[in-house]
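S.K.: Structure in structure tokens, see below.
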Amino acid sequence: AGAPLNAAEIALIKEWIEAGAPFPGTATHWAFQPIGKPAPPEVRRTEWLQTPIDRFILERLEREGIAPSPEADRATLIRRVTFDLTGLPPSPAEVDAFVNDTAPGAYERVVTRLLQSPHYGEQWARHWLDAARYADSDGYEKDLVRPYAWRWRQYVIDAFNRDLPFDRFTLEQIAGDLLPNAHTEQLVATGFHRNTLTNREGGIDREQLRIEQIIDRTNTVGTVWLGLTVGCAQCHDHKYDPISQKEYYQLFAFLDNLDEVEIDAPVPGELGPHLRAYPAYRRQRDELVARYGVAPLQTEWEPKVIAAGREQGKYGGNWDLAWTVLWNDERQILLKDPAARTEKERDKLTDHFLEWYSAVVTKQRYAELKFEELRKKLSKLRAEFPEVSQAPVVYQLAQAKPTRLLLRGDFRSPGPEVQPATPAALPPLTSKGPARLDLARWLVSAEHPLTARVFVNRSWQQFFGAGLVRTVDNFGLQGERPTHPE
């Protein structure tokens with residue numbers, strides 16, 4: 001505790017707040033400056049140099065009075081680069097071949113071979129999966145398995161192996177569904193947004209979960225591409241970086257109104273066997289469902305569940321539960337005109353009905369219907385059927401709801417409406433397409449000062465153990481300065 005502020009000090013604080021509460025050093029912070037191309041510095045030991053980057057490293061060493069480490073022997077060198085590029089050790093034969101290759105370009109030939117290995121994409125995808133919070137299960141108490149999460153992971157591995165340009169890699173993951181004539185792999189790429197924690201408990205507040213997922217997506221885009229702790233502005237203006245709470249929810253607005261869906265995303269070799277087996281599978285499934293008298297009961301069940309969703313308590317608690325346990329895509333199917341449902345949608349809703357009809361009838365009645373027996377038969381039939389892989393993706397909702405600033409970050413306290421926009425401290429958004437695609441293009445624009453720095457810094461960290469900026473997820477005012485600023 002100290003002495004109370006006097007009137008002059010209070011007036012000064014008010015004046016500072018009215019001016020936008022600028023934090024000292026924000027305007028000149030190194031990470032927000034345009035990326036330049038400085039001339040490599042002059043050094044004394046020019047014989048040590050192999051690339052222009054070496055000049056920056058050597059200049060710092062000479063300034064600190066440190067001599068460069070001696071060059072590694074060939075066996076050590078091939079071991080290091082093989083681990084770096086593939087995550088695996090070299091074979092004894094590969095070591096011997098490199099040690100005995102005295103022709104010029106021996107090291108370059110090793111690097112070229114390793115870059116062409118499929119293990120290259122596997123090794124470097126790992127680092128991106130970590131940054132993108134990839135998981136094979138939902139998290140939370142149930143932690144249900146995500147059976148096709150791997151499909152997005154495979155997209156990332158393939159992207160590294162085919163050397164997909166980083167700007168395209170960004171556009172496809174953030175907004176692949178909005179690209180003109182988007183093909184399947186570009187849709188699969190949007191699985192980046194499906195890596196959020198997902199709570200499938202029956203009694204959860206769906207709106208709370210939706211908001212938490214958008215917050216997670218906003219914060220992840222902030223750390224992965226911007227290297228900024230944007231999440232600090234969820235409840236109030238950022239205490240150090242030039243990100244207001246309003247600007248946080250303007251970023252949030254780019255990622256609002258997403259529809260989570262699963263699409264067919266076959267991998268090579270799947271589609272032919274699937275199409276050949278489908279007619280017999282369809283016939284056998286339909287015969288089983290008809291034999292157990294499912295259709296009349298499901299037809300009676302559907303409108304009552306819809307009514308329970310619109311008016312809680314209309315038919316009692318068990319019917320309320322029947323609505324609550326429907327996941328988002330199942331609700332959309334239920335609300336769809338039955339004549340407009342696809343075969344896959346009809347099957348999905350029927351499978352849900354067979355599992356949860358037990359909530360609205362007695363145990364005796366459910367046992368009489370022998371639905372558990374039917375479910376086992378359908379499960380066995382499906383296990384023998386060569387299905388195609390699916391992929392969790394996102395689409396933009398056709399009917400978007402307004403995005404609002406959440407007072408103190410509380411989903412129960414919506415404040416004023418906000419429009420998608422980027423922080424004023426960074427270059428302005430100039431493209432005029434679908435908003436989420438605009439965000440992706442802004443991130444990889446030539447004028448953006450952060451994206452390239454952040455990605456190259458992560459790569460540097462993987463090769464050398466520490467980034468040029470040690471705080472790889474924080475290029476803001478509280479992050480560390482780069483060891484080699486130029």
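The values are calculated or read from the model by the stated rules, or taken from the named source; none is laboratory data. Everything numeric in this text was worked out from a predicted model, so none of it was measured. Because the Cβ atoms are built from the backbone with ideal geometry, glycine has one as well, and the counts that use them run over all protein chains shown. In case anyone asks, the SASA skips ligands and DNA or RNA and just uses the protein heavy atoms, side chains included. Shrake-Rupley method; radii C 1.70, N 1.55, O 1.52, S 1.80 Å.
S.K.: Within the set of other residues whose C-beta is less than 10 Å from the C-beta of D259, count the net charge using Lys and Arg as +1 and Asp and Glu as -1. Mind dumping the intermediate values first?
M.R.: Numbers: positive: none; negative: D177, E260, D329.
With Lys, Arg at +1 and Asp, Glu at -1, the net is -3.
S.K.: Here is a follow-up. Under a Cβ-Cβ cut-off of 15 Å, what is the net charge of the residues other than L88 that fall near it, where Lys and Arg count +1 and Asp and Glu count -1? Walk me through the numbers on the way to the answer.
M.R.: Details: positive: R79, R80, R113, R126; negative: D84, E94, E122.
Charge balance near L88 sits at +1.
S.K.: Could you tell me the calculated FRET efficiency between A106 and Y240, based on Cβ-Cβ distance and R0 = 45 angstrom, to the nearest 0.05?
M.R.: Values: r = 49 Å, r/R0 = 1.09.
It comes to 0.40.
S.K.: Same structure, new question: Taking every DSSP beta bridge that has both residues in the chain, what percent is antiparallel when rounded to the nearest 5? The partial results should precede the final answer.
M.R.: Values: 11 of 11 bridges.
Among the beta bridges of the chain, antiparallel pairing accounts for roughly 100 percent.
S.K.: Next question, about the same structure. At 1.4 Å probe size, with the rest of the protein present, what percent of the exposed accessible area of the stretch 255-325 is carbon and sulfur atoms? Each step should come with its number before you reach the end.
M.R.: Values: 2100 of 3800 Å².
Carbon and sulfur together cover 55 percent of it.
S.K.: Here's a follow-up. Net charge within 11 Å of D138 by Cβ-Cβ distance, Lys/Arg positive one each and Asp/Glu negative one each, not counting D138 itself?
M.R.: Working: positive: K142, R146, R194, R200; negative: D136, E141, D143, E201.
Net local charge, D138 excluded: 0.
S.K.: Near the amide H of Q390, under 5 Å away, which other amide H atoms are found, from residues 5 or more places off or on another chain, if H is placed in the peptide plane?
M.R.: HN-HN under 5 Å from Q390: A265.
S.K.: In whole Å, how far is the Cα centre of the stretch 461-483 from that of the stretch 369-386?
M.R.: 53
S.K.: Between Y315 and K370, what length comes free when the chain is fully extended (0.36 nm per residue of separation minus the Cα-Cα distance, one decimal in nm)? Write down the numbers at each step before the final one.
M.R.: On the way: separation 55, 0.36 × 55 = 19.80 nm, distance 2.45 nm.
Contour length minus the Cα-Cα distance gives 17.3 nm.
S.K.: Now for a different question. Specify the angular offset, from 0 to 90 degrees and rounded to the nearest 10, of the alpha carbon long axis of helix 271-291 from the longest principal axis of the alpha carbons in the chain.
M.R.: Helix 271-291 sits at roughly 30 degrees to that axis.
S.K.: A further question follows. Consider just the alpha-carbon atoms of the chain and return their Rg together with their Dmax, both in angstrom.
M.R.: Radius of gyration, then largest Cα-Cα span, for the chain: 28.3, 90 Å.
S.K.: Grab the DSSP H runs of the chain that are 4 residues or longer, score each as -39,500 (n - 2.57), total them, divide by all residues and round the 222 nm result to the nearest 500 deg cm²/dmol.
M.R.: Numbers: 20 runs with 236 residues, N = 486.
Calculated from helices alone, the mean residue ellipticity at 222 nm is -15000 deg cm²/dmol.
S.K.: Oh, and also: Name the shape class, rounded, prolate or oblate, that the alpha-carbon gyration tensor gives for the stretch 288-362, where a ≥ b ≥ c are the square roots of its eigenvalues, rounded holds for a/c under 1.5, and otherwise prolate holds if a/b is larger than b/c and oblate otherwise.
M.R.: Values: a/c = 1.89, a/b = 1.28, b/c = 1.48.
Judged from the Cα gyration tensor, the stretch 288-362 comes out oblate (a/c at least 1.5, b/c at or above a/b).
S.K.: Something else: Run through the stretch 379-483 and list the GluC sites (Glu not before Pro) located in a DSSP loop whose Cβ has at most 12 other Cβ atoms within 10 Å.
M.R.: Values: sites: E384, E387, E417, E447, E480; in loops: E387, E447, E480.
Hits after loop and neighbour filter: E447.
S.K.: So, one more: Return the whole-Å distance between the Cα centroid of the stretch 230-250 and the Cα centroid of the stretch 53-76.
M.R.: Measuring centre to centre over Cα atoms gives 41 Å.
S.K.: Under 23 Å from the Cα of K377, which lysines turn up, not counting those fewer than eight places away in the same chain?
M.R.: Straight-line reach from K377, under 23 Å: K344, K348, K363.
S.K.: Evaluate the Kirkwood expression for the hydrodynamic radius of the stretch 194-242, namely the inverse of the mean inverse distance over all pairs of different C-alpha atoms, and round to one decimal in Å.
M.R.: 12.1
S.K.: Here's something else I'd like to know. Sequence gap at least 6, Cα distance under 8 Å: using those rules, report the relative contact order of the chain to the nearest whole percent. Display every interim value, and only then the final one.
M.R.: Numbers: 573 pairs, mean separation 99.7, N = 486.
Relative contact order comes out at 21 percent.
S.K.: For helix 118-131, what angle does its Cα long axis make with the longest principal axis of the chain, in degrees from 0 to 90 and rounded to 10?
M.R.: On a 0 to 90 degree scale, this one is about 80.
S.K.: For the stretch 117-185, run through the GluC sites (Glu not before Pro) and keep only the ones in DSSP coil with at most 13 other Cβ atoms within 10 Å of their Cβ. Intermediate results must be reported in sequence, preceding the final value.
M.R.: Details: sites: E122, E141, E172, E185; in loops: E141.
Listed in order of number, the matching sites are E141.
S.K.: Now for a separate question. Compute the distribution of all C-alpha to C-alpha distances in the stretch 1-131, in bins of 5 Å from 0, and list the percent of pairs in each, rounded to whole numbers.
M.R.: Taking every Cα pair in the stretch 1-131, the percentages come to 2, 7, 10, 10, 10, 12, 12, 8, 5, 5, 5, 5, 4, 3, 2, 1, 0.
S.K.: How tilted is helix 451-464 with respect to the longest principal axis of the chain? Cα atoms for both, answer in degrees (0 to 90, nearest 10).
M.R.: 80
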